[in-house]
1. So for the stretch 81-104 (the condition being touching a residue at least 24 places away in the same chain (Cβ under 8 Å), in contact with a strand residue (DSSP E or B) (Cβ under 9 Å, 6 or more places away or on another chain), farther than 18 Å from A27 by Cα and of a type in the set (A, V, I, L, M, F, W, C)), does at least one residue qualify?
2. Which members of the stretch 1-27 meet the condition of being modelled with pLDDT of 95 or more, basic (K, R) and farther than 17 Å from A89 by Cα?
3. Given the stretch 1-95, what helices (runs of 4 or more DSSP H) lie entirely inside it while holding 3 or more residues that are exposed (fewer than 13 other Cβ atoms within 10 Å of the Cβ)?
Amino acid sequence: MGVTKTDLFTEQQNELAKVSKVLGHPARIAILQHLIQANSCINGDLVQEIGLAQATISQHLRELKEIGIIKGSIEGVSVNYCIDPIRWAEVQNLFQGLFEGFPKVPGCCR
């Protein structure tokens, strides 16, 4: 597999690609949807809610946490996760900028 030449692309393009890659798994989307609905969650709840093994859930949580979309706090043996509202707004703006770039009037492809 070749090396990606990220320096050829803007910071925004690289960031959007990184976030898209993390969001490209349905389990992570399900986790985010559950966190949005619950506004907070204990890791064990996700195992019951989503139906994946604890280790698998932890791996997906780690990916989401690495890009900053979620944050967590440890309380005894439980870890509570929630959406980071500042990062969530940044990600929303990244995608909104991409989608708003498409003209509202049909283009040349017909």
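1. Pass one, the stretch 81-104, residues touching a residue at least 24 places away in the same chain (Cβ under 8 Å): 81-83, 91, 94-95, 97-98.
With the extra rule that they be in contact with a strand residue (DSSP E or B) (Cβ under 9 Å, 6 or more places away or on another chain), the set shrinks to 81-83.
From the residues that got through so far, the ones that are farther than 18 Å from A27 by Cα too are none.
No.
2. K21
3. Values: elements: 11-23, 26-38, 43-50, 54-66.
Qualifying helices (runs of 4 or more DSSP H): 11-23, 26-38, 54-66.
The values are calculated or read from the model by the stated rules, or taken from the named source; none is laboratory data. This structure is a prediction, so every number in the text was calculated from the model and none was measured. Neighbour counts run over all protein chains shown; Cβ positions are idealised from the backbone, glycine included.
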